[in-house]
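K.L.:
Once you've had a glance at the structure underneath, I'll fire off some questions.
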Amino acid sequence: MNKIPRYTAYGPQLKVSMGYSVTDLGMPSAGRVAMNGANATISADSGKRYGAELDLGFSSALNVFNSGHSMHMLSYLAGPQFYTSRGNSVTTYVHLLAGGARVAGPLPVATGGWVAGHVNYPAWGAGGGVECYLSRAFALRVAVDYLHTHFYNSSVFVRGQNDISVVNSLVYYPGMLSPRKHH
């Protein structure tokens with residue numbers, strides 16, 4: 001009796017997430033601003049250990065430095081993911097993202113007072129996260145990233161700023177029977 005061999009194929013696994021973000025924005029020459037907002041990602045695995053991610057975030061803070069002005073940051077980043085572990089209940093990953101960020105808000109000027117401005121400059125981020133599966137199609141994710149964006153300093157020159165972002169999100173695996181069956 002001849003047996004037909006069975007082959008298993010691996011296709012890209014799509015993930016969509018939406019969550020709440022807290023960003024500690026490092027303002028050149030002005031201190032730090034705590035911002036909160038929303039974050040959305042779409043990612044696709046291209047194999048057992050690698051994938052790609054598109055990350056969109058928006059965060060804001062009201063009455064920054066008691067200036068009466070709010071601050072906003074829109075980031076749009078993409079890049080590779082590397083899965084450091086994949087289990088039946090938990091997956092961990094690291095990623096390196098590049099793209100841009102639009103930062104708008106008040107800045108203190110050297111002569112005193114405040115002016116409002118915005119910049120749209122290249123940005124990048126590096127970090128990682130943990131996904132804990134809730135069911136066959138959903139998981140909770142906690143991600144922590146270092147972000148490098150730009151804004152004005154007190155001399156009104158654009159300078160780099162170092163930021164930390166923490167995102168808590170719900171992950172959905174569309175069309176998957178079970179995200180726990182990783183290869």
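K.L.:
What residue, among those in segment 108-143 that are of a type in the set (Val, Ile, Thr) and under 16 Å from Val166 (Cα atoms), is surrounded by the fewest Cβ atoms within 10 Å (Cβ to Cβ)?
P.N.:
Residues of segment 108-143 that are of a type in the set (Val, Ile, Thr), as a first pass: 109, 111, 115, 119, 130, 142.
Narrowing the set further to residues that are under 16 Å from Val166 (Cα atoms) leaves 130, 142.
Working: Val130: 16, Val142: 14.
Filtering segment 108-143 for residues that are of a type in the set (Val, Ile, Thr) and under 16 Å from Val166 (Cα atoms), the one surrounded by the fewest Cβ atoms within 10 Å (Cβ to Cβ) comes out as Val142.
K.L.:
Identify, by number, the condition in (1) more than 28 Å from Gln13 (Cα to Cα); (2) surrounded by 14 or more Cβ atoms within 10 Å (Cβ to Cβ) that Leu62 doesn't meet.
P.N.:
Against the list (1) more than 28 Å from Gln13 (Cα to Cα); (2) surrounded by 14 or more Cβ atoms within 10 Å (Cβ to Cβ), Leu62 comes up short only on (2).
K.L.:
Among the residues of segment 46-81, write down those that are without any contact (Cβ under 8 Å) to a residue 40 or more places away in the chain, of a type in the set (Phe, Trp, Tyr) and either farther than 20 Å from His148 by Cα or touching a helix residue (DSSP H, G or I) at 6+ places or on another chain (Cβ under 7 Å) (or both).
P.N.:
Within segment 46-81, Tyr50 is the sole residue that qualifies.
K.L.:
Also, I was wondering about something else. From the residues in segment 68-83 that are assigned to a loop (DSSP other than H, G, I, E, B) and out of contact with any Pro (no Cβ under 6 Å at 6 or more places or on another chain), which one is farthest from Ser17 (Cα to Cα)?
P.N.:
Start the filter on segment 68-83 by keeping residues that are assigned to a loop (DSSP other than H, G, I, E, B), which leaves 68-70.
Remaining after also requiring out of contact with any Pro (no Cβ under 6 Å at 6 or more places or on another chain): 68, 70.
On the way: Gly68: 33, Ser70: 27 Å.
Once the filter is applied, the top-ranked residue is Gly68.
K.L.:
What pairs come up if the first residue lies in segment 17-37 and is part of a strand (DSSP E or B) and crowded, with 16+ Cβ neighbours inside 10 Å, the second is among the charged types (D, E, K, R) and modelled with pLDDT under 90, and their beta carbons are under 6 Å apart, counting only those six or more places apart or on different chains?
P.N.:
Cβ pairs passing all conditions: Gly26/Arg32.
K.L.:
If we keep just the residues of segment 144-164 that are of a type in the set (A, V, I, L, M, F, W, C) and crowded, with 23+ Cβ neighbours inside 10 Å, which is farthest from Val103 (Cα to Cα)? Steps first, please.
P.N.:
Start the filter on segment 144-164 by keeping residues that are of a type in the set (A, V, I, L, M, F, W, C), which leaves 144, 147, 151, 156-158, 164.
Now restrict to residues that are crowded, with 23+ Cβ neighbours inside 10 Å: 147, 151.
Details: Leu147: 13, Phe151: 7 Å.
Ranking the candidates gives Leu147 first.
K.L.:
Please state which of the following conditions Phe65 fails to meet, knowing it meets all the rest: (1) assigned to a helix (DSSP H, G or I); (2) on the phi < 0 side of the Ramachandran plot.
P.N.:
Checking Phe65 against (1) assigned to a helix (DSSP H, G or I); (2) on the phi < 0 side of the Ramachandran plot, the one that fails is (2).
K.L.:
Right, next: Does at least one position in segment 150-165 carry a residue that is out of contact with any Asp or Glu (no Cβ under 7 Å at 6 or more places or on another chain) and without any contact (Cβ under 8 Å) to a residue 40 or more places away in the chain?
P.N.:
yes
K.L.:
Same structure again: Does Thr111 satisfy being over 13 Å from the mean Cα position of the chain (by Cα) and free of Cβ contacts under 8 Å to residues at least 12 places away in the same chain?
P.N.:
yes
K.L.:
From the list Gly51, Gly57, pick out the single residue that is surrounded by 16 or more Cβ atoms within 10 Å (Cβ to Cβ) and at pLDDT 95 or above. Walk me through it before giving the result.
P.N.:
Values: Gly51 fails: at pLDDT 95 or above.
Selected residue: Gly57, the only one of Gly51, Gly57 that is surrounded by 16 or more Cβ atoms within 10 Å (Cβ to Cβ) and at pLDDT 95 or above.
K.L.:
Under the condition of being touching a Pro at 6+ places or on another chain (Cβ under 9 Å) and at pLDDT 95 or above, which residue from segment 86-103 is surrounded by the fewest Cβ atoms within 10 Å (Cβ to Cβ)?
P.N.:
If we filter segment 86-103 for residues that are touching a Pro at 6+ places or on another chain (Cβ under 9 Å), which is where we start, we get 91, 95-101.
With the extra rule that they be at pLDDT 95 or above, the set shrinks to 95-101.
Values: His95: 24, Leu96: 16, Leu97: 22, Ala98: 13, Gly99: 16, Gly100: 16, Ala101: 24.
Among residues in segment 86-103 that are touching a Pro at 6+ places or on another chain (Cβ under 9 Å) and at pLDDT 95 or above, the one surrounded by the fewest Cβ atoms within 10 Å (Cβ to Cβ) is Ala98.
K.L.:
Against the conditions (1) modelled with pLDDT under 95; (2) aliphatic (A, V, I, L, M); (3) not in a loop (DSSP other than H, G, I, E, B), where does Ala9 fall short? Just the number, please.
P.N.:
(3)
The values are calculated or read from the model by the stated rules, or taken from the named source; none is laboratory data. These figures come from a predicted structure and were not determined experimentally. No Cβ is skipped: glycine too gets one built from the backbone with ideal geometry, and neighbour counts run over all protein chains shown.
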